[in-house]
Each structure stands twice: as C-alpha cells, then as structure tokens.
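Take a look at the structure below.
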Amino acid sequence: MHLVRDVLDKQLVDQAEVRVGRADGIILHLNEHGQPKVVAIELGWSTLARRLLKGVGLRTLARDRGRGYRIAWSHVADVGVDITIDVDRQELPLERWQQWLRRRILGWIPGGLS
C-alpha cells in the first residue's frame, strides 16, 4: 500500500457509512530496528495546516494550536475509494462539536435547524 496515495485526503466513513472527515495525516512509529509502522490516522485542521503550510512560516501557528484527533490504525476496516473505520461517529469529537453547535447556536437562529 502506498500511504500517501491510498490514505491521505481520503474520506473516512463509519460503520453506518456516514462521512466523518478526511485523513489529514498519518502517524508512524519507528520500532527498535528503525522500521516504520502505521499507528494512527489523524484528522483536524491543525494537522492539515501543518502539512499544507510546510515552509510557509505559518506552520508554527498550526503546531501551537494542538494536534488533531487520532483514530488508531487498528480501527481501519478497509481502504478503498473511502476509508472505512469501525468507530461509531457518536464517539468522535467532531460529532460532539456538531451537537453542541446545533443546541447552543443553530437552535436560536430562525430556520437554523431546517
């Protein structure tokens, strides 16, 4: 498998085939022999910004804002056109953020939940 071609920027879908984000980064770990092993896929704007703004000078700003959310590679069920993960979207921080946004902001705007 070619990680950059087959994983980066691919759409992630959960068990119910609902889109949960894109693979913005790949986390590798070097074992004691120096061989890399994929341990997680990272999602989030700060990960994407670090990758895209490399060498632009704004990369430090993205790094200082924290890291994205990581999904362990062991939760990757299939890599094809989309990446299927065996994680329920209700467990992901993005879903909790969207629920908060619906309750606290969109619920107060006329027509915001339609």
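Only helices enter the 222 nm calculation for the chain: every DSSP H run of n ≥ 4 contributes -39,500 (n - 2.57), and dividing by all residues gives -7000 deg cm²/dmol, rounded to 500.
The GNM of the chain, with springs linking C-alpha atoms under 10 angstrom apart, assigns the highest mean-square fluctuation among Gln35, Gln98, Gln11 to Gln35.
From most to least packed by mean Cβ count within 10 Å, the peptides 42-53, 14-25, 73-84 give 42-53, 14-25, 73-84. Ordering Ile71, Leu92, Trp45 by Cα displacement along the dipole of the chain toward the positive end leaves Trp45 in first place; charges were set at the Cβ atoms of Lys, Arg (+1) and Asp, Glu (-1).
Assuming charge only on the beta carbon of Lys and Arg (+1) and of Asp and Glu (-1), the dipole of the chain about its Cα centre is about 680 debye to the nearest 20.
Read-outs: derived from the displayed coordinates by stated rules, not from any lab. What you see is a predicted model, and the numbers here were worked out from it, not measured in a lab. For neighbour counting, all protein chains shown are included, and Cβ atoms are generated from backbone atoms with ideal geometry for every residue, glycine included.
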